[in-house]
Each structure stands twice: as structure tokens, then as C-alpha cells.
1. Plugging the Kirkwood radius over Cα pairs into Stokes-Einstein for the stretch 180-245, at a temperature of 20 °C and a viscosity of 1.002 mPa s, what D comes out in µm²/s?
2. With a Förster radius of 51 Å, plug the Cβ-Cβ distance of residue 322 and residue 93 into 1/(1 + (r/R0)^6) and report the FRET value to the nearest 0.05.
3. How far is it, in nm, from the label point at residue 369 to the one at residue 86 when both lie 7 Å from their Cα along the line to the Cβ?
4. Just rank 314, 182, 151, fewest to most, by other beta-carbon atoms within 10 angstrom.
5. So if we plug the beta-carbon distance of residue 198 and residue 354 into 1/(1 + (r/R0)^6) with R0 = 56 Å, what FRET efficiency do we get, rounded to 0.05?
6. Decide, for the stretch 227-369, between rounded, prolate and oblate: order the square roots of the alpha carbon gyration tensor eigenvalues as a ≥ b ≥ c, take rounded if a/c falls under 1.5, and otherwise choose prolate if a/b is larger than b/c, else oblate.
7. Going by how many other Cβ atoms sit within 10 Å of their own, how do 112, 91, 208 line up, fewest first?
8. Arrange the following residues from fewest to most other Cβ atoms within 10 Å of their Cβ: 183, 329.
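What follows draws every value from the coordinates through simple rules; no lab data is involved. Since the structure is predicted, the reported quantities are computational estimates derived from the model, not experimental observations. Neighbour counts are summed over all protein chains in view; Cβ atoms, including those assigned to glycine, are modelled from backbone coordinates with ideal geometry.
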């Protein structure tokens, strides 16, 4: 069932070595050409707009002391971790911000089939339409984002689109990022949430504090040396993506990522190598890996392969080479203790050099002053 060694290792991957994307001229790193805007139906039958990657998405405003932060719960409830919510609220108030918490976020348990997701969706829409709220931070990941999205109507997405603001979350929130980005045309933030921000490293906390009041993204200086080439080349595009499990789970739904002309960010936690291979295979078969221009791998926390099977690094390299796209790894974002403030929907450039070095460069701000 889990035997991938033959199919992967026969592809000629050597662990630790960056492989080349050049078909002919190895002295010149290719930048993949832009795709034009077009409209199509995804596999669920929903008509989606594939944006021209040159167009900027709408952006929220960076926070100032006295601004209000809204807390929503598109996915799981706080459960037994409710005390962590209040600790983070106290922390945010200590920074000088006001905090407004949705009822769903304060709920320890919920009747999931008794109208819970409908209430979550209503609160979600109200948080966006409230101009007194300048940023929205998700409670946590877990499960439920697609269920909540099912309760939003087209007019709700129109309302959200007209009220851009900083929206922060990761993990199960990947489905929400897909929708807010491609359907509502908003820049969003892949970053720590209410129940995780105080549990991360100093880097995570520092990134969050600076991120909500800043406008310019960059890889933390101390982490740049950890970014490495996976498959050499260079590419520009809009940064999109998130959690691998959610990117795979949304395939064939109204919330799948089209990602045309983008740079695909991927992270994961707690998955065996064969499961990572299966999900990347799904993204390859559904065309996502062909539609993007490059790949930026984040953290793959607690992911490992059984003895005798390809290692995680080999699997990631295999699919970059199979798709023929420049790829880098080591972005400090995901489920690890280092989770940077990573804007989605802004233009970036990646370089994967033959020397083994990788670079992620942000080409535009993620918020207005």
C-alpha cells in the first residue's frame, strides 16, 4: 500500500541536491510567462474568475492603537482551550487594541448540526461589514471551514469584497483564504491564530505583533539562510495556497484553489510520506501544479516516512520536477513553532539557484497605511 520507493527513486532524485528546471540553457533561469484573465467552471460547476496576475487585490489597513480586532470561528470551537482565548485577548488589549469576539468563538462546545455553521457564517459576514473592525483573527483551525462557507450566499461574498481588512488564519482556514482571495479579490494573511499565537516561538509572536501594524512583508532575516532550492529556476506570481490537506480536500468543491499563474505555498503537519505523496498527486492530477508558476514549501511538521520509503524531501522534489516548476523549501510558516506573517494574494518572486540557495522576495505591500 505504502510502497512509493520504486516510482519516486527511479525518477532520479538525490536527497539534498537541488535539481534543474532548465530544459536546455542552464545558464539562464526561466521566469514563467503570465496567463491572461479568463472565466471557467471548476469541477463543482461553479463559475470562477481567474484573475490577471498583474492586477492587485484589495487590501486592508494596518492597525493603530485603539483599533478593534474581531475574532471569528470558521472552524473548530475553543473546547477545553477556552482559557487560551482569554489569555490572547488580554495580550491584544495590552498592545492597545480593542477586541470583539463572536459568540461562536466563545463557545466551548457547539451543536454542529443544529445551526452552528449558519450562525458562524452570519457572524463572519457581520465582522467584515462592520467598519469599526479593522482586522479579523480566526480562533483556530481544526475542522468546519467549508461547512461555514456553504452557509454564505453570493451577496454575502459581495459584502465581504467591499470591506477589505486584515484576515489572519491558517490550517483549516485555507478554504477561507481560497474564497476570500479568488472570489472576493482580497489579500489575506496566513498566520497565527488566537489559540496558537502565544504558544509559538518568539519569531511567531514578533511576526504577529509587527505584521498587524505593518504593511511590508519579508522573510525574517534569521530564517533566510534556511530557505533552499528544490528545483532550480525563477518565477513570479501571486502567492497562494496553505495547508496541503485542505488544498486536496477542496478539490472538486466550490472552494478549490485555481491558482492560475501563482506561486503555490504548501505546508502540512502529522502526515506520513505516502499520504503527502497521495495529496500532491491529487493536486498534480487536478491541474493545480500545472497552473501555478512555482512552488514554495513551508514547514512539514511531524511528517515522516517509514524505513525504506522515500523521505519527505524526496517526495517534495519529485512533484516539483514532475510539474516542471521552480521550487524552494524552508519557508518558516505552517504548524511548527515558527509561523511567520505570510501574506497571500500579493505578488512575489522565488529564486531556486543551482548553488542550492533559495529566495522568496515580496514585490508589493500587503496592507494600506
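1. 147 µm²/s
2. Approximately 0.55, to the nearest 0.05.
3. The modelled label-to-label distance comes out at 4.0 nm.
4. Starting with the residue having the fewest Cβ neighbours, the order is 151, 314, 182.
5. 0.85
6. The shape class here is rounded.
7. By the 10 Å Cβ count, ascending: 112, 91, 208.
8. Ordered by Cβ neighbours within 10 Å, fewest first: 183, 329.
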